[in-house]
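J.: So that we are looking at the same thing, I have put the structure below in structure tokens.
The values are calculated or read from the model by the stated rules, or taken from the named source; none is laboratory data. The model shown is predicted, which means the values in this text are computed figures rather than measured ones. Reconstructed Cβ throughout: ideal geometry from the backbone, glycine too, with neighbour counts over all protein chains shown. With ligands, DNA and RNA removed, areas are computed over all heavy atoms of the protein, side chains included. Shrake-Rupley method; radii C 1.70, N 1.55, O 1.52, S 1.80 Å.
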Amino acid sequence: PSHTKPIKQKDTIRKILTNYRDAIQFVHDQTIRNINLGLMPDEIAEKVILPTHLSNSPYLKEFYSKVNWSVKSVFARSLGLFDGNPSTLLPLPLKEKTAKIIELAGVLMF
């Protein structure tokens, strides 16, 4: 691991790397499985949870990354940035979106 003491025992190294490999494969496979079921990125991110034997590994704790981030990354890499929602295909620039929200809020509030 990058922020701890070096690991020197061959069996421990093998176990840690095997768990890491298995976790990556699990997230990938479950993401693709759920894509094929027609789920969207946020729905898949809620469903994909590492099996206990992997999530309990001290070397797979979610510090700098999260499983749900990895799910969304697999989704984007596999299908591109389109999340299945047509309203997100051509989003408004932030200033224009903000102005429309302010205008809408003003109409609703007065």
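J.: Within the range 52-97, work out how many residues are in a helix (DSSP H, G or I) and small (Gly, Ala, Ser). Talk me through it step by step, then tell me what you get.
T.: Residues of the range 52-97 in a helix (DSSP H, G or I): 52-55, 58-60, 67-79, 86-88, 94-97.
With small (Gly, Ala, Ser) added as a condition, the list becomes 55, 70, 73, 76, 78, 87.
Of the residues in that region, 6 qualify.
J.: Of the numbered conditions (1) more than 11 Å from the chain's Cα centre (by Cα); (2) in a helix (DSSP H, G or I); (3) of a type in the set (Gly, Ala, Ser), Ala45 satisfies every one except a single condition; which is it?
T.: (1)
J.: Step by step: first the residues of the range 36-50, then only those that are open to solvent by less than 40 Å² (accessible area, probe 1.4 Å) and modelled with pLDDT of 95 or more, then the one that is nearest to Pro6 (Cα to Cα). Which residue is that? Steps first, please.
T.: So in the range 36-50, the residues open to solvent by less than 40 Å² (accessible area, probe 1.4 Å) come out as 39, 41, 44-45, 48, 50.
So of that shortlist, the ones also modelled with pLDDT of 95 or more come out as 44-45, 48, 50.
Values: Ile44: 35, Ala45: 32, Val48: 30, Leu50: 25 Å.
Taking the candidates together, the pick is Leu50.
J.: Shifting gears a bit: Take the residues in the range 66-110 that are of a type in the set (S, T, N, Q) and surrounded by 10 or more Cβ atoms within 10 Å (Cβ to Cβ); name whichever of them is nearest to Thr18 (Cα to Cα).
T.: Checking each candidate, the answer is Ser70.
J.: If you don't mind, another one. Considering only the range 23-31, I want to know if a residue exists there that is exposed (fewer than 13 other Cβ atoms within 10 Å of the Cβ) and of a type in the set (Phe, Trp, Tyr).
T.: No, the range 23-31 contains no residue that is exposed (fewer than 13 other Cβ atoms within 10 Å of the Cβ) and of a type in the set (Phe, Trp, Tyr).
J.: Identify, from the list Lys15, Lys5, the residue that is over 21 Å from Asn85 (Cβ atoms), open to solvent by 100 Å² or more (accessible area, probe 1.4 Å) and not in a helix (DSSP H, G or I).
T.: Working: Lys15 fails: not in a helix (DSSP H, G or I).
None of the other options fit; the residue is Lys5.
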